[in-house]
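Shown next, in structure tokens, is the structure this report addresses.
The values are calculated or read from the model by the stated rules, or taken from the named source; none is laboratory data. Note that the coordinates shown come from a computational prediction; the quantities given were computed from them, not determined experimentally. Neighbour counts are summed over all protein chains in view; Cβ atoms, including those assigned to glycine, are modelled from backbone coordinates with ideal geometry. Side chains are part of the model used for accessible areas, which takes the heavy atoms of the whole protein and leaves out ligands, DNA and RNA. Shrake-Rupley method; radii C 1.70, N 1.55, O 1.52, S 1.80 Å.
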Amino acid sequence: MKFDSLIIGGGVAGLSCAIRCAEAGLKTAVIAAGQSALHFSSGSIDLLGRLPNGELVTHPFEAFAALEQQQPEHPYCKIGQSNVKTALDWYQAMMAECGVQLTAQDDDTNHLRLTPMGTFRATWLSQQTVHPFPMFEPQQGLTRIALVTLDGFRDFQPELTADNLSKIPQFADVAITTAAVELPDFEIMQRNPCEFRSIDISRVLRDESKLHAFAKSLIQQVGQADLVVLPSVFGNGDGAATIKLLEGLTGFTICELPTMPPSLLGIRLEEAMKSRYKALGGLILAGDEVKRGEFKDGKLARIYTRNHRDMPLVADHFLIATGSFFSHGMQAQRQAVIEPIFNLDLSTIPHRDNWYQHDFFSPQAHPFMKMGVKANASLQPSRQGQAIENLYCAGALLSHYDPVTEGCGSGVAISTGHFVAEQMIAHHTREIENVPEQQERTIA
């Protein structure tokens with residue numbers, strides 16, 4: 001099978017690249033081995049929360065100069081600030097067309113999202129059902145907050161959230177209460193409440209009569225509140241519409257909180273991106289896995305997958321976006337770290353004794369988080385020192401950044417995926433334009 005572009009990896013980076021290629025009319029396929037990391041994500045898009053030296057970032061784009069000084073090999077520095085901004089603007093507009101509204105602050109600052117632990121994380125874009133707490137005065141406009149769970153639901157403990165939230169100085173004068181609401185008709189269900197996960201509850205509350213009963217119980221339990229925080233249990237595709245209906249029934253302003261996996265907020269992004277890609281004619285080879293590739297004249301000629309066995313997949317351009325250790329994009333052996341599909345060159349790996357900090361929760365980032373594939377300014381990786389002309393790398397597989405400590409994982413994934421797609425499109429366009437010229441010269 002022959003494609004214009006072949007994407008290895010079905011996460012944010014891979015799908016961003018695939019959608020942009022499909023928008024430009026390239027014949028594109030995505031090979032996705034399994035669930036992406038979106039099933040474990042907050043569903044917000046982080047741009048840059050901290051610099052590598054730990055300094056808090058309030059205005060991400062204004063911090064790019066400092067980022068370049070501290071970490072010139074950071075993926076953002078390779079592709080440039082304007083390309084990062086173009087990519088995030090494109091992503092926000094594209095997701096809006098899919099029905100997922102992602103909002104940023106008008107003053108180009110990060111905002112804060114509440115975590116289940118009752119702490120805050122800086123982020124750039126949040127879904128319309130997530131309350132954007134202002135960066136400098138997060139308590140602004142709030143005098144009463146109610147943290148509500150479902151009776152027996154084990155993936156959200158509002159007492160823990162309330163306890164930590166109340167210790168933040170800005171919330172000293174905010175009344176924080178907790179409550180538990182029983183799932184409607186639970187007494188006739190054949191399961192223990194602690195067995196329910198968020199996806200199970202969303203199926204129950206999709207029934208409008210049960211949602212009305214839930215709304216009635218919610219009003220009785222909460223009373224008055226400026227903001228009602230609920231775990232994300234309101235559907236993956238139609239969750240935002242369900243919450244809008246619930247707000248209408250109760251009169252409350254509701255904030256969704258990501259819980260333990262599966263994260264419905266993350267799944268909502270994934271489903272919207274896949275639907276967009278398929279609507280553009282893109283092909284997803286789900287459940288397949290690339291096993292090896294063949295290289296010729298400095299290019300990746302073909303790849304072989306588990307399901308297609310000895311039938312090669314061929315493309316003009318390839319992207320590898322298989323993630324880091326969590327997604328098996330990289331593997332750690334006793335004394336070495338490898339990229340297992342093509343054995344690509346990695347950034348310098350320190351001695352094993354220096355791969356991680358002694359304490360899991362450490363003020364300093366764990367060094368293994370910045371391990372990854374070495375790439376040039378065009379995000380092309382190399383093998384044995386030789387750059388591969390038609391292979392690109394994007395997302396968490398890239399080295400020289402820490403997506404967790406720096407709070408930039410989804411921002412790097414979207415911007416590098418989009419950056420690679422634009423290069424593939426430019427190459428494809430040049431090839432099409434050159435064909436008639438070559439034919440004319442041959443005829444003459």
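Please count how many residues of region 138-178 are in a strand (DSSP E or B) and either of a type outside the set (A, V, I, L, M) or modelled with pLDDT of 95 or more (or both).
Number satisfying all stated conditions: 10.
Scan region 296-315 and give yes if some residue there is among the β-branched types (V, I, T) and either in contact with a Leu (Cβ under 6 Å, 6 or more places away or on another chain) or outside the structural domain of M95 (by the TED database) (or both), otherwise no.
yes
Criterion first (more than 20 Å from A241 (Cβ to Cβ) and at pLDDT 95 or above) does D106 satisfy it?
When the stated conditions are applied, D106 does not pass them.
Exactly one of (1) under 26 Å from T259 (Cα atoms); (2) assigned by the TED database to the domain that holds G395; (3) modelled with pLDDT of 95 or more is unmet by G43. Its number?
The failed condition is (3).
Residue-wise test of (1) closer than 15 Å to K299 by Cα; (2) modelled with pLDDT under 95; (3) open to solvent by less than 40 Å² (accessible area, probe 1.4 Å).
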site: F360; (1), (2), (3): no, yes, no
site: Q364; (1), (2), (3): no, yes, no
site: V373; (1), (2), (3): no, no, yes
site: N376; (1), (2), (3): no, no, no
site: Q380; (1), (2), (3): yes, no, yes
site: A394; (1), (2), (3): no, no, yes
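Suppose we keep only residues that are under 23 Å from F419 (Cα atoms) and assigned to a strand (DSSP E or B) within region 291-301. Which one would you say is least open to solvent (accessible area, probe 1.4 Å)?
Only one residue fits best here, namely L300.
In region 99-114, how many are under 16 Å from the mean Cα position of the chain (by Cα) and surrounded by fewer than 19 Cβ atoms within 10 Å (Cβ to Cβ)?
Adding up the residues that qualify gives 2.
Can M311 be described as of a type outside the set (S, T, Y) and in contact with a strand residue (DSSP E or B) (Cβ under 7 Å, 6 or more places away or on another chain)?
no
Taking the options G417, G329, G411, name whichever one is outside any loop (DSSP other than H, G, I, E, B), open to solvent by less than 20 Å² (accessible area, probe 1.4 Å) and under 26 Å from R306 (Cβ atoms).
Residue meeting the stated conditions: G417.
Return only the number of the condition from (1) open to solvent by 10 Å² or more (accessible area, probe 1.4 Å); (2) under 25 Å from W124 (Cα atoms); (3) of a type in the set (D, E) that D402 does not satisfy.
Going through the list (1) open to solvent by 10 Å² or more (accessible area, probe 1.4 Å); (2) under 25 Å from W124 (Cα atoms); (3) of a type in the set (D, E), D402 breaks only (1).
If I filter region 63-86 down to residues being within 27 Å of F136 (Cα to Cα) and free of Cβ contacts under 8 Å to residues at least 12 places away in the same chain, which single residue comes out as surrounded by the fewest Cβ atoms within 10 Å (Cβ to Cβ)?
So the residue we want is S82.
Is region 428-442 home to any residue that is over 18 Å from P75 (Cα atoms) and under 26 Å from the mean Cα position of the chain (by Cα)?
No, region 428-442 contains no residue that is over 18 Å from P75 (Cα atoms) and under 26 Å from the mean Cα position of the chain (by Cα).
Restricting the search to region 242-259, which residues are among the hydroxyl-bearing types (S, T, Y) and surrounded by fewer than 16 Cβ atoms within 10 Å (Cβ to Cβ)?
The answer is T253, and nothing else.
Hey, M369 hits all of (1) within 16 Å of V412 (Cβ to Cβ); (2) touching a Phe, Trp or Tyr at 6+ places or on another chain (Cβ under 7 Å); (3) outside any loop (DSSP other than H, G, I, E, B) but one; which does it fall short on?
Every condition holds for M369 apart from (2).
Criterion first (touching a Gly at 6+ places or on another chain (Cβ under 6 Å) and either open to solvent by less than 50 Å² (accessible area, probe 1.4 Å) or within 20 Å of F133 (Cβ to Cβ) (or both)) does G49 satisfy it?
Yes: the conditions hold for G49.
In region 260-288, what residues are open to solvent by 20 Å² or more (accessible area, probe 1.4 Å) and either part of a strand (DSSP E or B) or in contact with a strand residue (DSSP E or B) (Cβ under 6 Å, 6 or more places away or on another chain) (or both)?
Listed by number, the residues that qualify are L283, I284, L285, A286.
When you scan region 5-32, how many residues do you find that are in contact with a strand residue (DSSP E or B) (Cβ under 8 Å, 6 or more places away or on another chain) and open to solvent by 30 Å² or more (accessible area, probe 1.4 Å)?
1
Under the condition of being among the β-branched types (V, I, T) and in a loop (DSSP other than H, G, I, E, B), which residue from region 332-358 is least open to solvent (accessible area, probe 1.4 Å)?
Out of the qualifying residues, it is I341.
When the residues of region 260-287 are narrowed to those that are among the charged types (D, E, K, R) and at pLDDT below 95, which ends up nearest to G11 (Cα to Cα)?
Selected residue: E270.
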